[in-house]
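The values are calculated or read from the model by the stated rules, or taken from the named source; none is laboratory data. Values in this document were obtained by computation on a predicted structure and should not be read as measured data. Neighbour counts run over all protein chains shown; Cβ positions are idealised from the backbone, glycine included.
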Amino acid sequence: MEPRPRPVAVAVNALLCVLSLCVSAAEAENVTTYDAKNFGAKGNGVDDDTKALVAAWKKACGTPGTVTLVIPPGTYYIGPAHFHGPCEAVAITFFLQASTCGVLMAATDLKRFGNDWIEFGWVTNLTVVGQNGGVIDGQGAASWPFNKCPVRKDCKVLPTSVMFLNNQNTVVRDITSVNSKFFHIALLHNNNMRMSNLRIHAPENSPNTDGIHIERNTGVIISDSRIGTGDDCISIGQGNHNIYIARVHCGPGHGMSVGSLGRYVGEGDVTSIHVTDMTFQGTMNGVRIKTWENSPTKSFAARMLFENMVMKDVQTPIIIDQKYCPYYNCEHRYVSGVTIEDIKFKNIKGTSTLPVAVLLRCGVPCRGVVLQNVDLSYNGQAGTLSHCENANATYVGYQHPQPCI
């Protein structure tokens, strides 16, 4: 979050090239294909298919060459399933096949789970792909009442639907995730990920159902997706570098966040973030950077560009909040340890549902904040306003609301 990510045309062409290679490989004669049903998977939505899918993965992972594991049409009821490498396969595809349906459906008994449900870890050249939007159903409604994280710091975290952990060169496309128990998709310690054509859905009142959470990754592209949840559509956590997001529709939910940052010891910097061509509809925030006060570790959030955004009835379209605290007993007595610098908001337009459409609340002076061509109208009777604390912002081009004085 250092060098700017590649321009959109180059990035998309690279992504299409990667995907076309995957298709070509799948059609080649030397591809080994395994069918999960040959390992005992039933796909009837009743029998537990966890062991069968894991056994099929182990066989595929242990086969040299290019390998595809096919999950045929059906509903596969599974508990925690870890699809781990390193693999003998030089490239491996997890293919959630569908004609009219292809569903991985989570167990509802929370006692079975740790931190996640499905985990892909320590794999190189992994492709996870769905046909006709293969569905990953977290069955989260039964678990949401047990989530106390919105009100308690010491809460027990519910399982994430899909975790990508310590992978290299990963493609995820044409997947639908619905009703996660906690986060839908989490990326942790990955290098070079390409994600496209994702559909992520959960009710607006579902707690902590972030669409995609990103932490300690390098080189992530997310494009051409629709995300509507009860929390952030995309959240970029600590330790990320070179993240590119393009053409994502967000709503409902809390918008797109960098953060929260600065809560824990040893957090990494967040640098080189480029977010472009997003639409926010009915969200709590548009683009937001949020950091905790009294951070135990000093860190940087720097070199970020948010451009070409459309806000449709968004509460606060542009926000930097260095006094972030979601709990009721926040004292706001400390200064955030996260230094924010070189942040640009460019070509942001649309409507807000609160009068303050631009909120720049810095604990220490934010450095190098630029707003260029901002046009945000309040859909109430009064005009829109800006509110700033220690921001020292620079304004370029058209500005509505008027800059802070």
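Looking at this structure, is ILE212 crowded, with 21+ Cβ neighbours inside 10 Å, out of contact with any helix residue (DSSP H, G or I) (no Cβ under 8 Å at 6 or more places or on another chain), hydrophobic (A, V, I, L, M, F, W, C) and over 23 Å from ASP116 (Cα atoms)? In short, no. The residues in the range 96-115 that are surrounded by fewer than 23 Cβ atoms within 10 Å (Cβ to Cβ) and in contact with a strand residue (DSSP E or B) (Cβ under 6 Å, 6 or more places away or on another chain) can be counted, and the count is 4. Residues in the range 366-384 that are at pLDDT 95 or above and of a type in the set (A, V, I, L, M) were compared, and the one that is surrounded by the fewest Cβ atoms within 10 Å (Cβ to Cβ) is VAL370.
Restricting ILE221, ILE200 to residues that are under 21 Å from GLY133 (Cα atoms), of a type in the set (A, V, I, L, M) and in contact with a helix residue (DSSP H, G or I) (Cβ under 6 Å, 6 or more places away or on another chain) narrows the list to ILE221. Checked against (1) under 30 Å from ARG152 (Cβ atoms); (2) in contact with a Phe, Trp or Tyr (Cβ under 6 Å, 6 or more places away or on another chain), LEU371 meets all criteria but (1). Regarding the range 77-91, can at least one residue be identified that is within 16 Å of SER161 (Cα to Cα) and either assigned to a helix (DSSP H, G or I) or touching a Pro at 6+ places or on another chain (Cβ under 7 Å) (or both)? The answer is no, given that none of the residues of the range 77-91 is within 16 Å of SER161 (Cα to Cα) and either assigned to a helix (DSSP H, G or I) or touching a Pro at 6+ places or on another chain (Cβ under 7 Å) (or both).
Residues are listed down the side, and each one gets a yes or a no for (1) of a type outside the set (S, T, N, Q); (2) surrounded by fewer than 17 Cβ atoms within 10 Å (Cβ to Cβ); (3) over 22 Å from ASN190 (Cα atoms); (4) modelled with pLDDT under 95:
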site	(1), (2), (3), (4)
LEU53	yes, no, yes, no
CYS61	yes, no, no, no
PRO64	yes, yes, yes, no
ILE92	yes, no, no, no
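Assess whether GLY239 counts as being at pLDDT 95 or above and not polar (S, T, N, Q). The answer is yes for GLY239.
For the subset of the range 314-354 comprising residues that are outside any loop (DSSP other than H, G, I, E, B) and among the acidic types (Asp, Glu), which member is surrounded by the most Cβ atoms within 10 Å (Cβ to Cβ)? Working first, answer last.
At the first step, the residues of the range 314-354 found to be outside any loop (DSSP other than H, G, I, E, B) are 314, 316-321, 338-352.
From what is left, the residues that are among the acidic types (Asp, Glu) are 321, 341-342.
Details: ASP321: 23, GLU341: 14, ASP342: 17.
Out of the qualifying residues, it is ASP321.
Among the numbered conditions (1) in contact with a Pro (Cβ under 8 Å, 6 or more places away or on another chain); (2) under 24 Å from THR291 (Cα atoms); (3) part of a loop (DSSP other than H, G, I, E, B), the only one that TYR395 does not meet is (3).
For the residues GLY259, GLY286, the requirement of being crowded, with 20+ Cβ neighbours inside 10 Å, closer than 20 Å to ALA357 by Cα and touching a Lys or Arg at 6+ places or on another chain (Cβ under 6 Å) singles out GLY259. Out of curiosity, is GLY262 at pLDDT below 95 and over 18 Å from PRO159 (Cβ atoms)? Spelling it out, GLY262 is indeed at pLDDT below 95 and over 18 Å from PRO159 (Cβ atoms).
Going by the conditions given, is ALA52 more than 28 Å from the chain's Cα centre (by Cα) and not basic (Lys, Arg)? For ALA52, the condition - more than 28 Å from the chain's Cα centre (by Cα) and not basic (Lys, Arg) - is met.
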